[in-house]
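Here is the structure we will look at, set down as structure tokens.
Nothing in this text is a laboratory measurement; each read-out follows from the coordinates by a stated rule. Since the structure is predicted, the reported quantities are computational estimates derived from the model, not experimental observations. Neighbour counts are summed over all protein chains in view; Cβ atoms, including those assigned to glycine, are modelled from backbone coordinates with ideal geometry.
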Amino acid sequence: MKKPGTAQRHRPLAPRPSLDWMNHMACRDANPTIFTEPEMADFALSFCRRCTVTAECEDLMTRNASRERSHRPQGVWGGKAHYPRQPGRPKR
């Protein structure tokens with residue numbers, strides 16, 4: 001039990017990484033839908049090919065996926081397409 005007048009210690013929060021890199025994304029003004037539709041993957045990847053922050057983008061996707069264990073990343077992230085495999089569909 002806590003004694004009256006004593007301060008409770010809290011574990012310090014980990015610093016959040018800066019998201020300033022998002023200002024440099026080649027896809028910054030693109031419609032986000034193109035990054036989630038498998039049939040638009042080639043078009044979405046055309047943004048990634050001229051982007052300077054693909055490593056940061058992939059890192060964000062990886063952090064979000066590890067935080068939510070049930071979350072499986074889908075779509076185009078960091079210059080890579082992440083879609084569930086369809087039976088009979090060849091690998092990209």
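What FRET efficiency would be calculated for the residue pair residue 19, residue 42, taking the C-beta separation as r and a Förster radius of 35 Å, to the nearest 0.05?
0.80
Quick check for me: using +1 on Lys/Arg Cβ and -1 on Asp/Glu Cβ, what's the dipole size of segment 33-82 about its Cα centre, in debye to the nearest 20?
I would put it at about 160 debye.
Taking H placed 1.01 Å from N in the peptide plane, check which residues at least 5 places from residue 75 or on another chain put their amide H under 5 Å from its amide H.
Amide H neighbours of residue 75: 82, 83.
When you count, for each residue, the other Cβ atoms within 10 Å and take the mean per peptide, how do 33-39, 19-25, 54-60 rank with the highest first?
Those peptides, ordered most packed to least, come out 54-60, 33-39, 19-25.
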